[in-house]
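What follows is a short report on a single structure.
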Amino acid sequence: MGFAPVPDRRADRRHALLGHARVHVDGAAETFGGIVDVSARGVRVRVRPSTCAEVGAACLVHLAVMLPGTGPEAPAVRLHGRAVVVRHTVRDDRTEELALRFELPLQVGDAFASAPTEPASSGTPCPA
């Protein structure tokens, strides 16, 4: 007896793109992470352990994405907009991932700007 494949519950196809994200959850410090995958309606980001991001929290998200087939010298495409945290998981290897749903389509930013540097923490730190 075989198993029937489980249909994917997602409405949009996910794409594994290289890039990084800067996420600023309202009322908390900014966090940085690598893009795991992205779709038309959201993004999954691997972030630092102990990131403050409660499910349902609103946030600003800035993505820098490398287009497939371009070399490392090609500039990243920069996108930004508002999102909501829909999932915050701790994986078996103790890494953490945020799943964000975009509130509106992302806006295109300056594709030729340099990568953002990590500023000093702004906002309130996570409770211990």
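If we keep just the residues of segment 51-71 that are touching a strand residue (DSSP E or B) at 6+ places or on another chain (Cβ under 8 Å), assigned to a loop (DSSP other than H, G, I, E, B) and not hydrophobic (A, V, I, L, M, F, W, C), which is nearest to residue 104 (Cα to Cα)? Lay out the reasoning, then the answer.
Going through segment 51-71, the residues touching a strand residue (DSSP E or B) at 6+ places or on another chain (Cβ under 8 Å) turn out to be 51-67.
If we keep only those that are assigned to a loop (DSSP other than H, G, I, E, B) as well, we get 51-57, 66-67.
Then drop every residue that is not not hydrophobic (A, V, I, L, M, F, W, C), which leaves 51, 54, 56.
Numbers: 51: 24, 54: 20, 56: 16 Å.
This residue is 56.
Restricting to segment 60-116, what's the tally of residues that are among the small types (Gly, Ala, Ser), more than 18 Å from residue 26 (Cβ to Cβ) and at pLDDT 80 or above? Reasoning before the result, please.
First, pick out the residues of segment 60-116 that are among the small types (Gly, Ala, Ser): 64, 69, 71, 74, 76, 81, 83, 99, 109, 111, 113-115.
After this cut, where a residue has to be more than 18 Å from residue 26 (Cβ to Cβ) as well, the list is 64, 69, 71, 74, 76, 109, 111, 113-115.
Checking the rest, the ones that are also at pLDDT 80 or above come to 64, 69, 74, 76, 109.
Number of matching residues: 5.
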Residue count for segment 14-45, restricted to those that are part of a strand (DSSP E or B), modelled with pLDDT under 90 and surrounded by fewer than 17 Cβ atoms within 10 Å (Cβ to Cβ): 2
Which pairs turn up if I take residues in segment 35-55 that are more than 12 Å from residue 88 (Cβ to Cβ) and look for partners that are among the aromatic types (Phe, Trp, Tyr) with beta carbon separation below 6 Å, at least 6 apart in sequence or on another chain? 41/102; 42/102
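The values are calculated or read from the model by the stated rules, or taken from the named source; none is laboratory data. Predicted, not measured: the structure shown is a model, and the values here were computed from it. A quick note on method: Cβ atoms are made from the backbone with ideal geometry, for glycine too, and the neighbour counts reach across all protein chains shown.
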